[in-house]
Every structure is written in structure tokens, then in C-alpha cells.
1. Starting from region 428-453, take each residue that is more than 29 Å from PRO147 (Cα to Cα) and list its partners that are among the charged types (D, E, K, R) and buried (at least 20 other Cβ atoms within 10 Å of the Cβ), counting only C-beta distances under 8 angstrom and pairs at least six apart or across chains.
2. Test each condition in (1) modelled with pLDDT of 95 or more; (2) farther than 17 Å from GLN169 by Cα; (3) of a type in the set (A, V, I, L, M) for ALA73 and report the one that comes out false.
3. Considering (1) crowded, with 21+ Cβ neighbours inside 10 Å; (2) within 20 Å of the chain's Cα centre (by Cα), say which one LEU153 fails and leave the rest.
4. Please enumerate the residues belonging to region 227-237 that are surrounded by fewer than 24 Cβ atoms within 10 Å (Cβ to Cβ) and more than 19 Å from SER55 (Cβ to Cβ).
5. Restricting to region 126-138, count the residues that are loosely packed, with under 14 Cβ neighbours inside 10 Å and more than 19 Å from ASP94 (Cβ to Cβ).
6. Please find, among SER46, SER63, SER38, the residue that is under 19 Å from the mean Cα position of the chain (by Cα) and surrounded by fewer than 24 Cβ atoms within 10 Å (Cβ to Cβ).
7. Filter region 200-214 down to the residues that are surrounded by fewer than 19 Cβ atoms within 10 Å (Cβ to Cβ) and modelled with pLDDT of 95 or more, then identify the one that is farthest from LEU484 (Cα to Cα).
8. Looking only at region 376-405, filter to residues that are touching a Lys or Arg at 6+ places or on another chain (Cβ under 6 Å) and assigned to a loop (DSSP other than H, G, I, E, B); which one of those is nearest to VAL190 (Cα to Cα)?
Amino acid sequence: MIRDFRSFDGGGEVACDLCIAGAGAAGIALALAFEGRSARVVVLESGGFEFEQESQDLYRGRSVGQPYWDLDATRVRQFGGSTNHWGGMSAPLDARDFLPRPWVPHSGWPIRRTDLEPFYPAAHEILDLGPGGYDPAVLEPAGGLLPLAPDQLAPRVFRFSSPPAWLGQKYRSELEAASGLEVWLHANLVDVELGADGRAEAFVVRDLAGTRARVRARLFVLALGGIENARLLLNCDRQIAGGIGNQHDLVGRFFMDHLGVSAGRVLLTDEDWEAAYQLGHHPQAGGHAVQHALAPGDELQRSAAILNSAAAFGGVTYERPRSEGYGALHDIKEGVRERRLPDDFGANLWRVVTDLDGVARGLWERFDPTTYLVMESEQAPNPDSRVRLDREEDALSLRRVVLDWRLSEIDHRTLRVMATTIAGELGRLGVARVQLGEWLLRDEVTWPDELTASNHHLGTTRMADDPRRGVVDRDGRVFGCDNLYVAGSSVFPTGGFANPTVNLVALTLRLAEHLRTRLSEPLPEASGSVADVR
């Protein structure tokens, strides 16, 4: 059943077995894992079925570190979460991504790739990624793979969801019909009530009009996203100073993203090059698009002390949001395309007229046919790169986010080594020359204007075996709170080279197995049945 919390008459209390906050990729995957089982499940979703500016504004915050996207533009606060604008690009993490790497401080997961492998097939099905694996030899493009030096570079394959699985649309009917399951729309989690023993007793829920309710459960899961999971824990400081799970000041720290950048122009020397390797192109494999890419080999990562990454050919560079005038032109174009007079048409037109240089530059970059070496790199875990709370509050009286995104020397070294290695290999093979960006050739650490983040929010409630090194244990349980769990990419200790979605869904399905086991065990308090709010 799917209900709108705004239609409930006043406050009340509900009892269930499992309460999940968030109906994005992690929350929906977790709910599906309990479909048809005896457990009573309540899923709380902040937004509705469609985009709503009031709900989206709850994401608004400030950025004070390395320049970052506007925070309210990096996620979608509605049923289905950010899968509503997901492009579908996926790959599993490498086995090495889970291991401690002596040259990468704070690296190493408490689990291994083998712990996730049983859950990837179901994650593929949920995300419409199709059957089959990621072996470049099996998915070999026409012309074959390049004879790369295996100790330097390794071929990688990304698969694409076809069509991109927008989970809110895909599973709406199924969740509506599921027995023992209720999804509440416009139900914002604002507090976690703890008992004297430190266990979670209830999620406190309210809508933007002020209607409140308490949801009691045996087990609770936060699946709010890589920034919001940390924000909620930090805001829950009424009973515990500093917030829940923050006894070692780790909640919100280690914020990571994937770095996106153009390393330089590619000058093709072999007219058959793109057909031979198709970097940056999406040939079909069993009806599902794939993209071939290059990653650093294990030996290169060790010898050069770099992180994991992936590189491909692209028609345009990664870039920051273009100038104010170009953005205004984009708004006008979208309005015309939708056959409506765009909002603030006069103001937008004035921005275009007063920023003709920026508009021209944006249009040139948009239609420039030059091929670029486009890179997406892992970021090293850094405790000073963090999410913290601002003084300003949102409409729910929760303190907003301040993001202090910080990069390290190893992040820069990774991009530099990868770019120069790829340029050297392509030159050695006689298929292309790469005109590297000037910033990559300098000894000092400098970042280009077009460096950007990939909107992959990672690491803010990292997983560890030791509470002095993480916020949750290997099962996703918050240290110090026996029945409160966190799902999603915020638990990733490192980011690896791969887009996170298929990995976080597989990790969530592993969590579901653990929660089913826990619910089969007797707990101190009896679980109730799902009831209407009164």
C-alpha cells in the first residue's frame, strides 16, 4: 500500500517490524527483499510521486571547500530518489577496492568482494542491467582489444540499465500491491528516539504542514543518501550530544565523490581507432549498452601509489556548471521545448545579453566535435572532507548541511599518472596522441576549472570493524545502537572506480538477508502490526 502522510488526521503511533527511511535505490531494494514475507514493513518517503520544489528545498545547503554542485541539485527528493534522473551506468567494484592499500590512508573494507558477489545477480535484475558479466574479452568490440601492457592498464566495461531503471516508476504498482508493506509519501524523518538501553524505539515523522507521528519498530534503517544519512544522525543530538553514532566524531567525515575531468585532447593517428576500441561509445551487448574504458593495472596502482580510476573517450569535457548566461539560455530553451513561457523569461534574457562571452563559450564546448580523454577517478578517504551542520534550519527545523569537500595530493597524482600512462601507451601502439592539459604537467598540485564531482556521495557513515574507525559495522549497524542500520553508499569506506548504484543495491540486499535473520530471532520487545495513524 502507498499512502500520503498528509491525509492522516493528526498525529499517532504505528508499530511494525521494520521501518525504512528513504525510498530511493537502497530503500526500494530493501523493501522488495521483504515482499511476500511475514514481516510488517513501513517505508518513509519525504517527497511524492512527482518533483516538488518544497520537498527539494530540504536538500539546500552550503559548500565551503573545493567548489561543488549546489546541494539541492545533486539529489532528487521524491519517490524513487535519484534513480529518477539516473543514467544507468554501472559496474561492480574491483576486488582490490575492498582491500587495505598501504599507500591509501584509511583504506580497506571489513568485507570483501566475495561477500557481495552472491547479491549482484539480483541487483542486476532490480536495475534492469541484463544478464551477463563485465569481462572485456567476452564483450569485445569489433576490431578487438588493444594489446595494452597488462601491468600498466587494464580494460574495463560499464553496463547500462536499459532503459534506465527509474525505480519509483518501475516498482510503484508492485509496492502498492505488496501485502504487509506500507509506503508513506511526504513523511519526513526528523528524529530517532532512543530508549534507556540506547536502542532505537521510534522514528519521529512529520510533514511540511506539521502533522507528526511515531513509528515503533523492531529494526530501523536509514536509506536517505550519502549526505542525508549523516545529516540526520548529526541532527539527532537531543539525547546524545553530537548525534547518534558520533561518539568518535566520525559521522559526516570521509565525504568522497568521483572526480570527473578532461585530461586533454586526443589526436587520432589511426582512422580505425574508434572502431577498434570504441572508448566512449556504447556498442550493444545482448540488448544492453556497454562502454569500454581503461583502468590502472594492479601493478601500476602499487608502484605509482595511486587510486583506482576509469578513462574513456568523450566528445566534450567534464565541466562545472557553465556561466550564468549559458544557464539562463538553457532555461529559456527548456521552456520553449515544453511550449510554455519560461519562468523569469525577462531576467533570463537579460542574463544572456549581459554574458555573451559565457554563452558563446558554452555553445562552443557543447558542439565542439573534438575527442577528449575523459577520466573519472576514485577519491582518497580524507577525514577533513566532511559534512557538518549549519546554524540555518530547514522547514522541518533540522539544521542544514555544510559540505567541506577536500581533495588530497594522491587524488591529483592519480589523474596525472593515469593520463600520462594512457598517453604513453596509445603513442607506443601508434593509434593516437594525447595533448595533455597543462595542469597535469606541473609539479605542484593545481586543479583545472573544469574539474567536477560526479554526484556520487560516499563515505560519510563508513563501515568498519572498529568503532574508532567507522560509524557502522560490517552489517551496516550503527555502533552503539543495536537495532539502527544505515544502507547506501554512505557506508562505503572507499569509492573504487565504479559508479556506486549496482554496488549499493547489492550491499543492501546483503543487509536484507541479515535483517531477515534478526527478525526471526526473539527480541526484548514484541513487534506490533501495521496500523493506521489516528
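The values are calculated or read from the model by the stated rules, or taken from the named source; none is laboratory data. Since the structure is predicted, the reported quantities are computational estimates derived from the model, not experimental observations. Here the Cβ is made from the backbone with ideal geometry for all residues, glycine too, and neighbour counts use every protein chain on show.
1. These pairs meet every condition: ALA453/ASP257.
2. All conditions pass for ALA73, except number (1).
3. Failed condition: (2).
4. Scanning region 227-237 gives LEU234, ASP237.
5. 1
6. Details: SER46 fails: surrounded by fewer than 24 Cβ atoms within 10 Å (Cβ to Cβ); SER38 fails: under 19 Å from the mean Cα position of the chain (by Cα).
Exactly one residue qualifies, and that residue is SER63.
7. Just the residues of region 200-214 that are surrounded by fewer than 19 Cβ atoms within 10 Å (Cβ to Cβ), to begin with: 201, 204, 208-210, 212, 214.
If we keep only those that are modelled with pLDDT of 95 or more too, we end up with 201, 204, 208, 214.
Details: GLU201: 10, VAL204: 14, LEU208: 25, ARG214: 16 Å.
Here the answer is LEU208.
8. Quick first cut of region 376-405, residues touching a Lys or Arg at 6+ places or on another chain (Cβ under 6 Å) only: 382-386, 389-390, 392-394, 401-402, 404.
Cutting the leftovers down to assigned to a loop (DSSP other than H, G, I, E, B) gives us 382-385, 394.
Working: ASN382: 28, PRO383: 26, ASP384: 26, SER385: 25, ASP394: 11 Å.
Among residues in region 376-405 that are touching a Lys or Arg at 6+ places or on another chain (Cβ under 6 Å) and assigned to a loop (DSSP other than H, G, I, E, B), the one nearest to VAL190 (Cα to Cα) is ASP394.
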